[in-house]
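A quick write-up on the structure given underneath.
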Amino acid sequence: MVVHSSVHKYDVVVIGTGPAGESAAINAAKNGKRVAIIEKQARVGGNCTHWGTIPSKALRHQVRQIMSFNTNTMFRDIGEPRWFSFPKVRERSRPTIDRQVAMRTNFYARNRIDLYHGVAHFKDENTLVVRGSSEKNEELVAEEIIIATGSRPYRPADIDFHHPRIYCSDSILGMGHTPRTLIIFGAGVIGCEYASIFSGLGLKVDLINNRGSLLSFLDDEISDALSYHLRKHGVLIRHNEDYERVEGDDEGVTVYLKSGKRLRADAFLWANGRTGNTDELGLENIGLTANGRGQLQVDEHYRTAISHIYAAGDVIGWPSLASAAYDQGLNACNTLLDKKFRYITEVPTGIYTIPEISSFGRTERELTEAKVPYEVGHAFFKDTARAQITGDTVGMLKILFDQSTLEIYGIHCFGDQASEIVHIGQAIMQQEGAANTLEYFVNTTFNYPTMAEAYRVAAQNGLNRVF
C-alpha cells in the first residue's frame, strides 16, 4: 500500500501539547511565527491533563471532601459517615478534564496554531512525518523544532501490567473496582500522593520504599511529619525494601520482597520512576540519542545537540513538574525568538499528599552540611485562627534564615494550602539584596484570619531566637 503525504512549511513545529509544548507554541505564535503543534492522543493536554496532574489532583480534592465530611462532627447530625467507590470518586474529575481540554483546544484555534493528531517521526533534521489513523501522512517542514513529548511511567519487563489487578500510575485512573487493600511500590512523590488518596478512601495501604526515608530531598522535619500522618491514616510504610517478583491471580496480587517478606493485597500499584517519550520520534534519523531513561540532554538554552532542535518538560528530566515544564517551554521558545531568556534552576516543590507539602530554597540538612549558620522560625497551624476555623489544624510553616543578616534561606510548609502559602516566601526570597529579609513579614500587615498570617508568627518566633 502506498502512503501519500502532504507537505506543510512552518517556522516552528512543537511536538506535544502538555504544559511545555503549549507554552512554546503559543509564545511563538504570539511573536508572529507560523506554528504547528503535534499531539499523539485524540485530545490535547498531554499526560498532565489526562493521566497526571489534573486527574490525580482532582481525585485528591474529592477524597479530601469525603474525609472532611466523615470526620466533621457537625455532619453527624444529618447522617452517618459515607463511603464511596473509587470509580464514582474518579468520575467526578471528568468534568475538570473536559473543561481543560476545551479551554486548551481553544488556545490553539485563537492563536491560529495548526494542530495535527498523530505520532511525530523525524524524517530528517527539519522534517517531521505525522503518522495518523488515516492512510495519508502529513509532512511538516520547519526551521525550528521543539520536542515536548513528556514522560510515562517506567514499567519493568518482569511485571505483568496487562493483569487486571496490576497498575501503573497511568492505568490506576481507569481502575473499575474498589479494592480493600493496596500495595504501592515506590515511595516517591507519586507513590506518596496515591498512598494519601487511597488511605483517605479507607483502603489499607502498604507503601514499599526502596530507600531509608520518605522523600529525602525534603526538610527532615517535613519528611517525618509526612510519615507520621500517612501512618495515622492507615498506611504501613516499609523502608529499604525491593521486590523480587510480583504475581497476580484472579483474587489479588502477591508481592515477594528480596528481604523474604511476602505481601498480599487486592491490587498493586507500581509508582517507581518515569521514562521520557522519545522511542517513537525516530531520533536515529537525525543523530540524537536519548539516555537510559528516554530523556534528551539539552544545554542551558534548551537546545539539543542539533542547534535548531530544542527540548523542554519531562522529556529532559529534572524537575519533571508541570509548573517547570510550562516555563521551560516558554524559555526554549524565547531562545529561538532572541528574547529575554531564563534557564529554570529554582522551582517550588509542590506535593499533593494529604496534607500537602511545599518548599522553596535550602533545607536544614543542606545548610548544616555547607556549614552555613542559620536560625529557624516556626508557626504551627493549630495556633492560627484560620486553621482553627476550618479545622485544618495539622501542619506548620518553617522559615530558615541567616542569624545576622536575616536573609531567608528556605521556606518549608506542611499542611492545608501549603502549595499556595509557599509562594509568599518565594517572592520575598527572590528579591535582590537586602530586600530578602525576615523583617518583611514582621513589618507587613496580613489579612486576619488567614493562613498567610503564619509568616508573621514564624518570623516573630525566629526573631525571638536571635534577639
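The values are calculated or read from the model by the stated rules, or taken from the named source; none is laboratory data. Since we're looking at a predicted model, the values are computed, not measured. Glycine also receives a Cβ, built like all others from the backbone with ideal geometry; neighbour counts cover every protein chain displayed. SASA here: full protein model, heavy atoms, side chains in, ligands and nucleic acids out. Shrake-Rupley method; radii C 1.70, N 1.55, O 1.52, S 1.80 Å.
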- How many residues are out of contact with any Lys or Arg (no Cβ under 9 Å at 6 or more places or on another chain), open to solvent by less than 30 Å² (accessible area, probe 1.4 Å) and not in a strand (DSSP E or B) if we restrict to region 218-276? 8
- Note on the structure: Of 80, 91, 39, the only residue that is at negative phi and touching a His at 6+ places or on another chain (Cβ under 6 Å) is 39
- Could you list, in sequence order, all residues of region 335-362 that are out of contact with any helix residue (DSSP H, G or I) (no Cβ under 7 Å at 6 or more places or on another chain) and either of a type in the set (S, T, N, Q) or without any contact (Cβ under 8 Å) to a residue 12 or more places away in the chain (or both)? 335, 338, 345, 349
- Please go through region 11-28 and pick out each residue that is β-branched (Val, Ile, Thr) and assigned to a strand (DSSP E or B). 12, 13, 14, 15
- Taking region 435-467 as the region of interest, how many residues are β-branched (Val, Ile, Thr), touching a residue at least 24 places away in the same chain (Cβ under 8 Å), assigned to a loop (DSSP other than H, G, I, E, B) and within 20 Å of residue 385 (Cα to Cα)? 1
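Quick grid of which residues meet (1) under 30 Å from residue 140 (Cβ atoms); (2) open to solvent by 70 Å² or more (accessible area, probe 1.4 Å); (3) touching a residue at least 60 places away in the same chain (Cβ under 8 Å):
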{"residue": "30", "(1), (2), (3)": "yes, yes, yes"}
{"residue": "34", "(1), (2), (3)": "yes, yes, no"}
{"residue": "37", "(1), (2), (3)": "yes, no, yes"}
{"residue": "47", "(1), (2), (3)": "yes, no, yes"}
{"residue": "52", "(1), (2), (3)": "yes, no, yes"}
{"residue": "69", "(1), (2), (3)": "no, no, no"}
{"residue": "72", "(1), (2), (3)": "no, no, yes"}
{"residue": "75", "(1), (2), (3)": "no, no, no"}
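Any residue in region 300-318 that is of a type in the set (Phe, Trp, Tyr), open to solvent by 40 Å² or more (accessible area, probe 1.4 Å), in contact with a helix residue (DSSP H, G or I) (Cβ under 7 Å, 6 or more places away or on another chain) and closer than 30 Å to residue 358 by Cα?
So the first thing to find is which residues in region 300-318 are of a type in the set (Phe, Trp, Tyr), and the list is 302, 310, 318.
In the following step, the residues that additionally are open to solvent by 40 Å² or more (accessible area, probe 1.4 Å) were identified as 318.
Imposing the further condition that a residue be in contact with a helix residue (DSSP H, G or I) (Cβ under 7 Å, 6 or more places away or on another chain) reduces the set to none.
There is no residue in region 300-318 that is of a type in the set (Phe, Trp, Tyr), open to solvent by 40 Å² or more (accessible area, probe 1.4 Å), in contact with a helix residue (DSSP H, G or I) (Cβ under 7 Å, 6 or more places away or on another chain) and closer than 30 Å to residue 358 by Cα.
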- Message: Please determine whether any residue of region 2-12 is of a type outside the set (Val, Ile, Thr) and buried (at least 23 other Cβ atoms within 10 Å of the Cβ).
- Response: no
- Turns out the helices (runs of 4 or more DSSP H) fully within region 347-433 with at least 1 residues that are under 25 Å from residue 326 (Cβ atoms), open to solvent by 20 Å² or more (accessible area, probe 1.4 Å) and modelled with pLDDT of 95 or more are 418-429
- Task: Determine if region 185-207 includes at least one residue that is under 30 Å from residue 397 (Cβ atoms), polar (S, T, N, Q), open to solvent by 10 Å² or more (accessible area, probe 1.4 Å) and touching a residue at least 12 places away in the same chain (Cβ under 8 Å).
- Result: yes
- Task: Considering each of 182, 140 in turn, give the residue that is touching a Leu at 6+ places or on another chain (Cβ under 6 Å), over 23 Å from residue 314 (Cβ atoms), assigned to a strand (DSSP E or B) and modelled with pLDDT of 95 or more.
- Result: 182
